[in-house]
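Notes for the one structure printed next.
Throughout, read-outs are computed from the coordinates displayed, never taken from laboratory work. Values in this document were obtained by computation on a predicted structure and should not be read as measured data. Don't worry about glycine lacking a Cβ; one is built from the backbone with ideal geometry, like all the others, and counts go over all protein chains shown.
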């Protein structure tokens, strides 16, 4: 209910049946920010949280004490993206608060209490991905995030700090870090906090247990000796210490100090009744089947191959363009099209041009912008893996599943490739073409490639595919190599594909979500898979439990003065 | 409701308030089996499922088509334990069905539809642990489980097969393996099926997706080429092939062909109003605090040190006795005492005798029985890790937390150790004593020891503790070494401990479950942690979703002729 009545920062659009619905828009820009202040000094950027109390995405709650809702996080995500692309000179980003005595008090509880289950889950997923992208910048972009906690950091506030690489806590006798969700709200810290405490910062499990049950949190020397923060400093020295640390990290950065950034201009997007269209990505809905076709088209012309020309193209550089468009499309579909349970990926255009675009990335890895584009592509494909929608990829004549776009085949829950051609269609039969980019630069969040995940116990099959790098592979061979699930001919194609999509629409979306989340991530586990698998699954469960969300549950009663009434049975 | 009205295989006992309650008893023996037939031929045992339709643990459902409830699984667990201990000669166990044309159709759906959420979750946990113990026998006991699927194996039936090391499927044109939970019931295969398909058998994720949505499952050559089974054989050759494979595996076993088994005589257990008492383990309830004290006492006399004497003691050998008693106590508490949210572990007795018992295990690892006892201890401690109760360990004067019992400190969510002595108590101050057994033989289900999990990024701390092997460590030193959470003196002790327990009782049990499950398993992930973390958490979530358990949900409508009515929103 709340989700569908959100009226802030929204675009109206018409849908079949002429119902007026409201849309959450994930695109923004710094001039439109309500909640963050971005400033720059030499190679250090400061991202200061200053949440406007009356600036919530929906009416019904005040964003007090730097608490946040999805709108605040949409701005944060935008800022992180711009810091990477528009600011090559920035080596360190300091996250802090522009408010006195409060750093951030986490996700807004009233908002959570009023939100639908689907919105809570989707909100947590996006905030998790945003924090993962902070860690990705630190680890892979030469842009290290550090955190200056200049007041109370509670719940999601401390979880935001946990996503950074160095946490400085003001030592003023009152400011503390805390994860009070369990004792106060009967839910979990929903943005990776539990996992990061024990698995990233290696806080001892018994210390973590104590910390996560302490409403008031922890401060002073114990917060350092328990590894919850990296250092504490008195108020008088906070600014100097932060500047010093920020400079230290910036000096280690390999980002160019004097390069020109790539401006993230607004996307060219058209939303109509049954379609969303970007320059290279288009969505076509079939609401009866609960399905959207997501088509990605190849470059229209040969992409540039040298760094200067790539920079000159900027956001128009094809890999960058499709990453941005697909990113926006995914977020749009997740938030605004929850009844569309099946995403069907297709491609169209010239595979040679896709291969040339991939080559532009692979041949210029030393360039900061090319590196950023590749990392962005990686993050966008990762979003697909953790999306709770069934993913089906169709490979037909006219498609261009080469290299980077082949990842859409490997990311699918299943794929269908037409063997031969359709009657009356004089285009050549469909092929797929492995590329060097499939063997490393685009890992899943389990830390290995989609091919490695696919053939966990059969590395020789990966070598068979590597031997075909650059070759056009027909349906029968693709099936033999294990690249596609089924390769029906034109007689069976329509029935098989239609039945698969209809069948998907007939299943419980919840059981599909649990099944897909379990089957997609074989092999090693990482911080990210633990957050999206274990932690999110437990949180989703708790978000359904009466002790949290029932009328007498803690989330519902928070702020009412009434204590929650718990069913004490353990399950 | 169902859980508390179970009337089969139960013992009546009185509880405070004089309410009559019914108890699920996990102890049984082959003469009492209703559902399994155990037979022996040379070094091969056959465990044939033959579920009695009217033999359900509770009235209200018929166990048709070899479907199972907890009662069937209690017998299976008992059989597995006896095969390990009473039958040293057995190198291979063949799981099959005694019925015509059906192997096993999985967990009984009517039973699931009528069960409480807590019962469903607890049932799945026990069945998961039982299947893990099958894999433990195969991997570590020289007792390989194989499966002869002589008819349809659906859902939990196929999951039982997945726990074995070699799956033979009859090729009769109709018998198939299937995981139809998603399409038929809107839940997940709840006993590790999804995880084992992709992570144990390495079925390709897209094949797994297809398989898990096929109501009718898969048979014939495709079931082999997709790795769902290891071989298919015509009906006429099934018996010969099974015998041949069983003999092959048995011939590789290192178990002694002519040793005498250790008889698993009934436990000496007394259940009263507020206590459960075994020979070495005793439970004392404080129902107001939602707490049980679980005390384990040291051996009364010096344990035997040589193999012959250990065998002569049999089930009375102290490590074996406490493993059995603790195992039964854990299962009893989980199933019958769901409102007891906090388990407080204590010990009493002479640490030297505990150390001597550990030495008896460590000095005789070549002996099959000693190996089994050590593996059993490992499995029992693992049960604690995955139990959804808060675990607190108290270390006081008179305790004996040495070696194996020190694991109870390391398994705790937090621990308290008294510094000094209590006024008027002339016993010496409490100590803990690390032993060699803490550094390897008792890993958690993440595959590493509790000490390794505790000090993930600080291996040097493990070496500091190893240097203290055999030494009595006082509270202050134990705190410095990171072995205990807090070391209050006698002035603070009572308040600190009481507050911790009271506080625990005031929190939502659900959020505690999610928090504890997230904090206990830092570090690597295994098949087991994936099953208990990711898969179980998703299943628990789905077990709360209206699409499964609502009045119009699939579990409720199964068998009624009505189709489930789904809310198609993805979350």
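Could you work out how far helix A:235-251 tilts from the main Cα principal axis of chain A, as a 0 to 90 degree angle to the nearest 10?
30 degrees
Sorted by average packing, counted as other Cβ atoms within 10 angstrom per residue and highest first, what order do A:202-208, B:512-518, A:50-56, B:255-261 take?
B:512-518, A:202-208, A:50-56, B:255-261
Taking a label point 7 Å out from Cα toward Cβ, give me the nm distances from residue B:302 to the same spot in the other copies, shortest first, one decimal.
Going from nearest to farthest copy, the values are 8.9 nm.
Would you mind giving the mean number of other chain beta-carbons within 10 Å of the Cβ of each residue in A:336-344, as a whole number?
Neighbouring Cβ atoms belonging to other protein chains average 2 per residue here.
Which number comes out as Rg/Rh for region A:273-316 once both Rg and the Kirkwood Rh are worked out on C-alpha atoms? List each step's numbers first, then the result.
Working: Rg = 15.3 Å, Rh = 12.7 Å.
Checking Rg against Rh, the ratio lands at 1.21.
For each of B:116, B:272, count neighbouring Cβ atoms within 10 Å of the residue's Cβ, then give the residues from fewest to most.
B:272, B:116
What span do the alpha-carbon atoms of region B:141-212 cover on each of the three principal axes, reported in whole Å from largest to smallest?
37, 29, 20
Put a point 7 Å out from Cα along the line to Cβ at residue A:436; what are the distances to that point in the other copies, in nm, shortest first?
Distances to the matching label points in the other copies: 5.4 nm.
On a 0 to 90° scale, report how tilted helix A:318-336 is relative to the longest principal axis of chain A, with both axes built from alpha carbons and the result rounded to the nearest 10.
That works out to roughly 70 degrees.
Considering only C-alpha atoms, what is the centroid distance from region B:127-174 to region A:338-360, in Å?
Using only Cα atoms, the two centres lie 41 Å from each other.
Evaluated at 4 °C with a viscosity of 1.567 mPa s, what Stokes-Einstein diffusion coefficient in µm²/s does region B:276-348 have when Rh comes from the Kirkwood expression over alpha-carbon pairs?
98 µm²/s
Just want the ordering: A:374, B:92, from fewest to most Cβ atoms lying within 10 Å of their own Cβ.
Ascending Cβ contact count within 10 Å gives the list A:374, B:92.
So how far, in whole Å, is the C-alpha centre of region B:204-271 from the one of region B:366-437?
Here the two parts' Cα centres lie 36 Å apart.
Find the Rg to Rh ratio for region A:474-551, where Rh is the Kirkwood radius over alpha-carbon pairs and Rg uses the same atoms. Show your work: numbers first, answer last.
On the way: Rg = 18.5 Å, Rh = 16.0 Å.
Rg/Rh: 1.15.
Return the tail of the calculated pair distribution for region A:220-356, meaning the percent of Cα-Cα pairs more than 19 Å apart. Please report the intermediate quantities before stating the final value.
Details: 6247 of 9316 pairs.
For region A:220-356, the share of Cα pairs beyond 19 Å comes to 67 percent.
Using just the Cα positions, wrap region B:270-513 in a convex hull and report its mean projected area in square nanometres, one decimal place. Could the numbers behind the result be given before it?
Details: hull surface 53.1 nm².
Mean projected area of the Cα convex hull: 13.3 nm².
Just round it to a whole percent: the fraction of Cα-Cα distances in chain B exceeding 39 Å.
28 percent
DSSP beta bridges in chain B, what fraction antiparallel, as a percent rounded to 5?
Working: 24 of 66 bridges.
Roughly 35 percent of the beta bridges in chain B run antiparallel, per DSSP.
Given region B:270-513, what percent of its DSSP beta bridges are antiparallel, to the nearest 5?
40 percent
Provide Rg over Rh for region B:509-569; use the alpha carbon set for both Rg and the Kirkwood Rh (inverse mean inverse pair distance).
With Rh from the inverse mean 1/r over Cα pairs, Rg/Rh is 1.15.
Could you tell me how many degrees, from 0 to 90 and to the nearest 10, lie between the Cα long axis of helix B:351-362 and the main elongation axis, the longest principal axis, of the Cα atoms of chain B?
40 degrees
Based on DSSP H runs of at least 4 residues, each adding -39500 (n - 2.57), what is the mean residue ellipticity at 222 nm of chain A after dividing by all its residues, to the nearest 500 deg cm²/dmol?
-11000 deg cm²/dmol
Cα-based Rg of region B:378-442 per 2.2 N^0.38 Å, rounded to two decimals?
Against the compact-globule rule of thumb, the ratio is 1.23.
When a/c is below 1.5 the answer is rounded, else prolate if a/b is larger than b/c, else oblate, so apply that to region B:2-251 with a ≥ b ≥ c taken from the square roots of the Cα gyration tensor eigenvalues.
It is oblate, given that a/c is not under 1.5 and a/b is not larger than b/c.
Using only the Cα atoms of the protein assembly as shown, build the gyration tensor, take square roots of its eigenvalues as a ≥ b ≥ c, and label the shape rounded, prolate or oblate: rounded if a/c is under 1.5, else prolate if a/b is larger than b/c, else oblate.
The shape class here is oblate.
Ordered shortest first, which distances in nm separate the 7 Å Cα→C-beta label point of residue A:366 from those of the other copies?
In ascending order, 6.2 nm.
So for chain B, averaging the separation of alpha carbon pairs under 8 Å that are six or more residues apart and normalising by length, what relative contact order in percent results?
12 percent
Quick one: divide the alpha-carbon radius of gyration of region A:94-138 by 2.2 N^0.38 Å and tell me what you get.
Here the answer is 1.42, to two decimals.
Inside 10 Å of the C-beta atoms of A:524-537, what's the mean count of C-beta atoms belonging to other chains?
Other-chain Cβ atoms within 10 Å of each residue's Cβ, averaged: 5.
Neighbouring Cβ atoms within 10 Å as the yardstick, rank B:345, B:126 fewest first.
The order, fewest Cβ neighbours first, is B:126, B:345.
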